[in-house]
Amino acid sequence: MTAPTPSEKALVPFVSVENMMRLVHQVGIERLLVELTDVIEEDFRRWPLFDKTPRVASHSRDGVIELMPTSDGEIYAFKYVNGHPKNMGQGLQTVTAFGLLAEVSTGYPVLLTEMTLLTALRTAATSAMVARKLAPSGSTTMAMIGNGAQAEFQALAMKSVLGVSRLRLFDIDRRASEKTKRNLDGFCFEIEICNSAQSAIEGAQIITTCTADKQFATILTDNMVGSGVHINAIGGDCPGKTELHPDILRRSKTFVEYPPQTWIEGEIQQMEKDYPVTEIWQVLSGQAEGRTSSTQITLFDSVGFAIEDFSALRYVKNRIRGTNLFQEIDLIADPDEPRDLFGMLERAKS
């Protein structure tokens, strides 16, 4: 009795952490961020085609585990991701993730990949995509409040897409800022480590907040934020977790990904339900205005949405074609005779 060999459809390309890192270095991280920014924007421009639902979240006292699904009618994607702020104290990542693409027509998966690195890349690319539309023209200086795992990716996306060259860093743990500065040596930034959030935002046209505490927090107060800046608020991403004082939102024109999710997880969860927001896809597709004056405060209340992961997965699938940057794994039981799954099992006895 001959053991069955996997069919072509049973073999699914798998991109490991090692191969994801090889892909980033082969392409070059700044070039990859530019390419990924453009792919995400392409998908946001066709926003109405996608299935959209807030992420499916399982909350606990320790953190959250989430599934983020979407489909454009031809390709289905989902990401598994967690958020556990206390992990850092145990030497573990706050966020880990993996993702999958599948054919809608058959339901068969066509890509499985790590997404811890890829999520950091897509989050940074999304920030840059939005800042390209909303930040003051000619922005060169970014304040980065919270210098954890996302900081370097954010900085490099803003550099490669917008031309940001000066960074002002602040973290309550100075070692995090020193880590960020050290990692960005060689990328042609002028970097200053600051002693407070207020000091960090002085002279910045773009302010990025990315802190990890799972609680309502006031990282920026109203009196700290001057006119004409763009705020990239990416740290608030679950119920009960915010970073900005509500008065900042009252002075800002606020842009969001998917309002039903952002009202649950974003900065706007603090606001009255008639608080006005603009969906960023409408700006990208020309259906709504972005920044309308040089003195306006624009706020991207980012919580991350499944379409960004869809775009990142689609990008990786296309980028690895014809390379050795993946393994084929026997993921799907696919017998020659679809009705004879048991027969396939029996033939494997030998």
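Laid out as a table, the results:
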{"item": "First in segment 31-57 and over 14 Å from S127 (Cα atoms), second anywhere and among the basic types (K, R) and surrounded by 16 or more Cβ atoms within 10 Å (Cβ to Cβ), Cβ under 9 Å, 6 or more apart", "result": "L32/R319; D43/R314; R55/K79"}
{"item": "Among the candidates F78, F14, residue that is in contact with a Gly (Cβ under 9 Å, 6 or more places away or on another chain) and in contact (Cβ under 8 Å) with a residue 60 or more places away in the chain", "result": "F78"}
{"item": "Cross-chain or 6+ apart pairs with Cβ under 7 Å, segment 131-143 first and closer than 8 Å to L162 by Cβ, then surrounded by fewer than 23 Cβ atoms within 10 Å (Cβ to Cβ) and modelled with pLDDT of 95 or more", "result": "A131/L162; R132/V161; R132/L162; A135/L162; A135/Q205; S139/L162; S139/Q205"}
{"item": "Among (1) at pLDDT 90 or above; (2) part of a loop (DSSP other than H, G, I, E, B); (3) hydroxyl-bearing (S, T, Y), the one test that T211 misses", "result": "(1)"}
{"item": "Only one of T254, T298 that is in contact with an Asp or Glu (Cβ under 7 Å, 6 or more places away or on another chain) and farther than 21 Å from R46 by Cβ", "result": "T254"}
{"item": "Candidates R55, R46, filtered to the one that is touching a Lys or Arg at 6+ places or on another chain (Cβ under 9 Å) and either under 28 Å from I280 (Cβ atoms) or among the aromatic types (F, W, Y) (or both)", "result": "R55"}
{"item": "Leading residue by the ranking (farthest from the chain's Cα centre (by Cα)) among those in segment 56-73 that are acidic (D, E) and within 21 Å of H84 (Cβ to Cβ)", "result": "D62"}
{"item": "Leading residue by the ranking (surrounded by the most Cβ atoms within 10 Å (Cβ to Cβ)) among those in segment 252-277 that are under 19 Å from the mean Cα position of the chain (by Cα) and assigned to a strand (DSSP E or B)", "result": "F255"}
{"item": "Residue check, L249 crowded, with 22+ Cβ neighbours inside 10 Å, part of a helix (DSSP H, G or I), touching a strand residue (DSSP E or B) at 6+ places or on another chain (Cβ under 7 Å) and outside the structural domain of Q93 (by TED's automatic domain parsing)", "result": "yes"}
{"item": "Residue satisfying condition, being of a type outside the set (A, V, I, L, M), exposed (fewer than 15 other Cβ atoms within 10 Å of the Cβ) and modelled with pLDDT of 95 or more, within set R339, R321, R291", "result": "R321"}
{"item": "Residue that is surrounded by the most Cβ atoms within 10 Å (Cβ to Cβ), among those in segment 55-66 that are under 14 Å from G304 (Cβ atoms) and either touching a Ser or Thr at 6+ places or on another chain (Cβ under 9 Å) or of a type in the set (D, E, K, R) (or both)", "result": "R55"}
{"item": "Complete set of residues in segment 226-245 that are buried (at least 21 other Cβ atoms within 10 Å of the Cβ), at pLDDT 90 or above and outside any strand (DSSP E or B)", "result": "V229, I234"}
{"item": "Residue satisfying condition, being of a type in the set (F, W, Y), touching a residue at least 60 places away in the same chain (Cβ under 8 Å) and in the same structural domain as A204 (by TED's automatic domain parsing), within set Y315, Y275, Y258", "result": "Y258"}
{"item": "Among residues of segment 180-196, those that are in a loop (DSSP other than H, G, I, E, B) and of a type outside the set (G, A, S), counted", "result": "7"}
{"item": "Looking only at segment 17-41, and only at residues there that are surrounded by 13 or more Cβ atoms within 10 Å (Cβ to Cβ) and among the acidic types (D, E), the one that is farthest from S311 (Cα to Cα)", "result": "E30"}
{"item": "Unique match (being outside any strand (DSSP E or B), polar (S, T, N, Q) and more than 24 Å from the chain's Cα centre (by Cα)) among S199, S160, S177", "result": "S199"}
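The values are calculated or read from the model by the stated rules, or taken from the named source; none is laboratory data. Predicted model only: the values in this text are computed from it and were never measured. Cβ atoms come from the backbone with ideal geometry, glycine included; neighbour counts cover every protein chain shown.
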